[in-house]
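These notes concern the structure reproduced below.
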Amino acid sequence: MFTGIIEQMGRVTGAAETNGNLSVTIAPAQMWTDLELGESIACGGTCLTVTGWDAHGFSVDLSRETLAKTAPHWETGKWINLERAMTAAKRFGGHIVSGHVDGVGEILEVREEPGAYTMQVRAPRGLARYLTPKGSITVDGVSLTLVDVGGPAGSRPEWPVDEFTLWLVPHTLEVTTLGEWRAGTQVNLEADQVAKYVERLLAVRELSGAELAGRGLEAQA
């Protein structure tokens with residue numbers, strides 16, 4: 001589990017394909033000295049398992065499924081956001097992040113504003129139902145607040161339902177890869193966990209109610 005508060009950036013120093021999977025080595029800006037084999041690190045918002053390390057960096061493996069469902073961040077030389085799994089003693093500065101990417105979005109526009117930058121993003125259509133003004137979303141591993149959201153119940157109903165904006169302060173741009181975003185950049189998106197749990201709970205309860213009604217029984221409250 002993660003919080004979406006980036007610890008540091010890392011550079012991809014190697015990527016080798018084996019049987020359709022990809023083995024990647026990443027060099028953090030400052031290498032950790034207490035890594036453990038098998039621990040989880042969110043790399044660009046994707047939860048990956050440490051398979052090895054040395055004084056300069058660590059290695060992870062990406063399956064074909066992961067490669068197909070995440071943004072193409074794995075070219076040698078690219079910088080990615082890194083966050084190690086949270087501990088019970090860690091401050092919870094962001095929101096609940098699993099590191100399981102829900103879809104790949106696209107940056108539509110980057111605008112400079114007084115003291116900040118505004119970015120407009122298009123999410124996959126299936127994620128639109130989880131977007132709400134002032135709600136939370138994880139973008140390339142960074143916990144961010146949705147500002148304007150398009151469609152019904154959004155702050156900009158005239159926009160498409162799958163579009164939203166983010167306001168980013170200079171500090172965020174300096175300590176994450178977000179400062180490199182441009183129109184056309186693909187990014188990993190993870191919706192708020194709470195919204196997905198509530199959706200599933202309601203869907204299963206409605207299904208159970210229909211099944212019980214078909215048997216002449218009443219569903220439990």
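The values are calculated or read from the model by the stated rules, or taken from the named source; none is laboratory data. Since the model is a prediction, treat every value here as computed from it, not as a measurement. A quick note on method: Cβ atoms are made from the backbone with ideal geometry, for glycine too, and the neighbour counts reach across all protein chains shown.
Could we say that Asp34 is free of Cβ contacts under 8 Å to residues at least 12 places away in the same chain, charged (D, E, K, R), on the phi < 0 side of the Ramachandran plot and surrounded by fewer than 19 Cβ atoms within 10 Å (Cβ to Cβ) here?
Numbers: free of Cβ contacts under 8 Å to residues at least 12 places away in the same chain: yes; charged (D, E, K, R): yes; on the phi < 0 side of the Ramachandran plot: yes; surrounded by fewer than 19 Cβ atoms within 10 Å (Cβ to Cβ): yes.
Yes; evaluated as a whole, the condition is true for this residue.
Enumerate the pairs (first residue in the range 83-104 and modelled with pLDDT under 85 and surrounded by 15 or more Cβ atoms within 10 Å (Cβ to Cβ); second residue anywhere and part of a loop (DSSP other than H, G, I, E, B) and not hydrophobic (A, V, I, L, M, F, W, C)) with beta-carbon separation below 9 Å, excluding pairs fewer than 6 apart on the same chain, so at least 6 apart or on different chains.
Qualifying pairs under 9 Å: Gly94/Thr3; Gly94/Gly4.
To keep it simple, each residue is scored yes or no on (1) surrounded by 15 or more Cβ atoms within 10 Å (Cβ to Cβ); (2) assigned by TED's automatic domain parsing to the domain that holds Thr172; (3) modelled with pLDDT of 95 or more.
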position: Ile26; (1), (2), (3): yes, no, yes
position: Ile41; (1), (2), (3): yes, no, yes
position: Gly45; (1), (2), (3): yes, no, yes
position: Val50; (1), (2), (3): yes, no, yes
position: Ala68; (1), (2), (3): no, no, no
position: His73; (1), (2), (3): yes, no, no
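Taking the range 1-51 as the search range and keeping residues that are of a type in the set (Asp, Glu) and under 24 Å from Gln193 (Cα atoms), which one is nearest to the chain's Cα centre (by Cα)?
Within the range 1-51, the match that is nearest to the chain's Cα centre (by Cα) is Glu7.
Filter the range 108-164 for residues that are in a strand (DSSP E or B), in contact with a Pro (Cβ under 8 Å, 6 or more places away or on another chain) and modelled with pLDDT of 95 or more; which is surrounded by the fewest Cβ atoms within 10 Å (Cβ to Cβ)?
Step by step, filter the range 108-164, then rank; the result is Arg122.
Just name the residue that is nearest to Arg91 (Cα to Cα) out of those in the range 1-31 that are aliphatic (A, V, I, L, M) and without any contact (Cβ under 8 Å) to a residue 24 or more places away in the chain.
The initial filter retains those residues of the range 1-31 that are aliphatic (A, V, I, L, M), namely 1, 5-6, 9, 12, 15-16, 22, 24, 26-27, 29, 31.
Remaining after also requiring without any contact (Cβ under 8 Å) to a residue 24 or more places away in the chain: 16, 29.
Details: Ala16: 36, Ala29: 22 Å.
Step by step, filter the range 1-31, then rank; the result is Ala29.
Taking the residues in the range 52-66 that are charged (D, E, K, R) and exposed (fewer than 15 other Cβ atoms within 10 Å of the Cβ) as candidates, determine which candidate is nearest to Arg11 (Cα to Cα).
As a first pass, look at the range 52-66 and keep what is charged (D, E, K, R): 54, 61, 64-65.
Next, from what is left, pick out any that are exposed (fewer than 15 other Cβ atoms within 10 Å of the Cβ): 54, 64-65.
Numbers: Asp54: 15, Arg64: 21, Glu65: 22 Å.
Among those residues, the one meeting the criterion is Asp54.
With out of contact with any Asp or Glu (no Cβ under 8 Å at 6 or more places or on another chain) and part of a strand (DSSP E or B) as the only criterion, which of Arg91, Arg11 stands out?
Values: Arg91 fails: part of a strand (DSSP E or B).
Within the list Arg91, Arg11, the selection yields Arg11.
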